[in-house]
Amino acid sequence: MKRAGIVRQDPAIQKMLSIFPYSINLYMDYPQQEISLLDFETYGLDRLQQLRDVENAYVRSITNTSDLVQISKKYIPVNPNSNNFKDTNPMKYLEEIKERYSQRLKDYISHFVLRLAYCQTEDLREWFIKQESGLLQMRCKNPLLSTEEKNSFINSLNLNMQEVSTKEKKELENELRSIIKIQDSNVRNEDMVQAELSKKYYKLPFEDVVDLVQSRSVYLRRGMAYIREEDIISLIVHIFKENLRNSLERLSNIYTKLLREDEERIGPILTNISRQYIDDDYSGKVDSNITHNDIPRLSKYFPLCMRHLQDQLQIDSHLRHGGRMQYGLFLKGIGMSLQESLIFWKIAFSKKITEDQFNKNYAYNIRHNYGQEGKRTNYSPYSCAKIIMTNPPSTGDHHGCPFRHASLDTLSKMLKHAGVRENRIPEICSYAKEGHYQIACTRMLEIITGADNGERLTENVSHPNKYFEQCYPGSEYNKNHKLPDTNNNDDFMDI
Ligand code: SF4
């Protein structure tokens, strides 16, 4: 049997080790490896699941390290380098190297598949950057990541930073103390402060750590930012985000040219992957007995986007095409039949148009949505991702997602109008302001149903129809779960 030392000399093993030396990767170089079309698609879809789980973890404010580690390796596991190999166990070593290589190859390729699938619109790019940064952060905080691997990875980045000498640290002791206290409220006594001061500090040009400067986590002097060793992770994430943003923008400019030769093979796969997120399908019906008369009574259980459309429909006796599509398919999704839909829209428009005009100009589209005209496609209600990321509303339109498309001022008014108590509105708006639109919507749902007083929801809102299903007491979902009780909920005014 070969000894592990000899195995390590093997050129094939050397190559595997040198291609992906670390479990953390900033994906700076484009992949050169050849993979099958099947792997291309499978890897892309697995990474999409992984990123959705990352998003969910942040939505649910999961902070427990072991939970985050489990989440970060569910679909795209990447084990940190292990130092547990004994020279006497060459076969195990060989297996680990092969396993490590295949994990990291999948991680690498899958990242680039999604770069291609998510480069085309700003919203897709921003979603992808946010979730990839979250995944990177989780991996950097993995307790199994050894200091040796982490330091070696940081050194490989050739960052423009220097370790602060003991002498300089002594001179800046008071300033560093104040930063420690701002950063970490757990540091309460002098011993803890001393322990923090004894750690390594680094200095680097402040423009390289803009995020940290904004969060007041660094000490600034003469254009240099002084940071603690553990804040280097924030720096790495910042560098990663900037590189990824630039790369996605460049990719979007050359996307068509890039795919020209492979359009037929790769184009449909990429479309499928990006649509998996956009077209989160909803096929359930909440109550197939819902009639046009029920809608005003039920609208208090609608998500804000649909409540707004219902309100505007009542005010204007009209909705433009985007609103009619978004709202009409939502109503179909909650169980309204074609016949009831036709009556609903005819009555809603009746203040402005005659029955003849309605039949001539609008009835066809409603029947079309139910698969009774044209290609006879049975259209699905729009997902949140579709509403948020495609077809933004122009002036006079009322479709879209208020958390994404309304100003904060308008959003506050809408939330108040929907019955959310004023003291809960700033929290919801702050999520929307930071670009967490579905989290903002989830918080609204939790507040309205009283779920935030007990168990928080396990998933964020991803579909308006799912929101309704969870909010409406008469739904199948709520027959099997704790009923929301808006009447006993102090944070919601039933208006
Ligand atoms: S997050 Fe989804 S359900 Fe909520 S308002 Fe926006 S589009 Fe509607």
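Here are ILE269, ILE290: which of them is of a type in the set (Val, Ile, Thr), modelled with pLDDT of 80 or more and either exposed (fewer than 14 other Cβ atoms within 10 Å of the Cβ) or closer than 30 Å to GLU476 by Cβ (or both)?
Just one listed residue meets the conditions, ILE290.
How many residues does the stretch 421-445 hold that are acidic (Asp, Glu), over 16 Å from ALA406 (Cβ atoms) and within 15 Å of the ligand (Cβ to nearest atom)? Before the answer, list the steps.
First, the residues of the stretch 421-445 that are acidic (Asp, Glu): 422, 427, 434.
The next check asks that each one be over 16 Å from ALA406 (Cβ atoms); those that pass are 422, 427.
Adding the requirement that they be within 15 Å of the ligand (Cβ to nearest atom) leaves none.
Going through the stretch 421-445 one residue at a time, the tally reaches 0.
What is the residue count in the stretch 97-123 for residues that are of a type in the set (Phe, Trp, Tyr) and in a loop (DSSP other than H, G, I, E, B)? Going through the stretch 97-123 one residue at a time, the tally reaches 1. Considering only residues in the stretch 31-80 that are part of a helix (DSSP H, G or I), over 16 Å from the mean Cα position of the chain (by Cα) and among the β-branched types (Val, Ile, Thr), the one that is nearest to GLN103 (Cα to Cα) turns out to be THR42.
Here is a yes/no grid of residues against (1) away from the ligand (no atom under 16 Å from the Cβ); (2) in a loop (DSSP other than H, G, I, E, B); (3) in the same structural domain as CYS441 (by TED's automatic domain parsing):
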| position | (1), (2), (3) |
| --- | --- |
| PHE330 | no, no, yes |
| MET336 | yes, yes, yes |
| PHE344 | yes, no, yes |
| ASP356 | yes, no, yes |
| ARG367 | yes, no, yes |
| ARG376 | yes, yes, yes |
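Within the stretch 383-393, identify whether any single residue is more than 14 Å from the ligand (Cβ to nearest atom) and touching a residue at least 24 places away in the same chain (Cβ under 8 Å), and answer yes or no. Within the stretch 383-393 (the criterion being more than 14 Å from the ligand (Cβ to nearest atom) and touching a residue at least 24 places away in the same chain (Cβ under 8 Å)), the answer is no, since none of the residues qualifies.
Taking the condition within 15 Å of the ligand (Cβ to nearest atom), without any contact (Cβ under 8 Å) to a residue 40 or more places away in the chain and in the same structural domain as CYS441 (by TED's automatic domain parsing), does HIS417 pass?
Numbers: within 15 Å of the ligand (Cβ to nearest atom): yes; without any contact (Cβ under 8 Å) to a residue 40 or more places away in the chain: no; in the same structural domain as CYS441 (by TED's automatic domain parsing): yes.
Here the answer is no, as HIS417 does not meet what is asked.
Restricting attention to the stretch 349-377, the residues being at pLDDT 90 or above and among the small types (Gly, Ala, Ser) number 2.
One residue stands out in the stretch 397-409 among those that are within 13 Å of the ligand (Cβ to nearest atom) and either modelled with pLDDT under 95 or outside any loop (DSSP other than H, G, I, E, B) (or both): the one that is surrounded by the fewest Cβ atoms within 10 Å (Cβ to Cβ), namely HIS405.
The values are calculated or read from the model by the stated rules, or taken from the named source; none is laboratory data. This one's a predicted model, so the numbers in the text were calculated from it and none came from an experiment. Neighbour counts run over all protein chains shown; Cβ positions are idealised from the backbone, glycine included.
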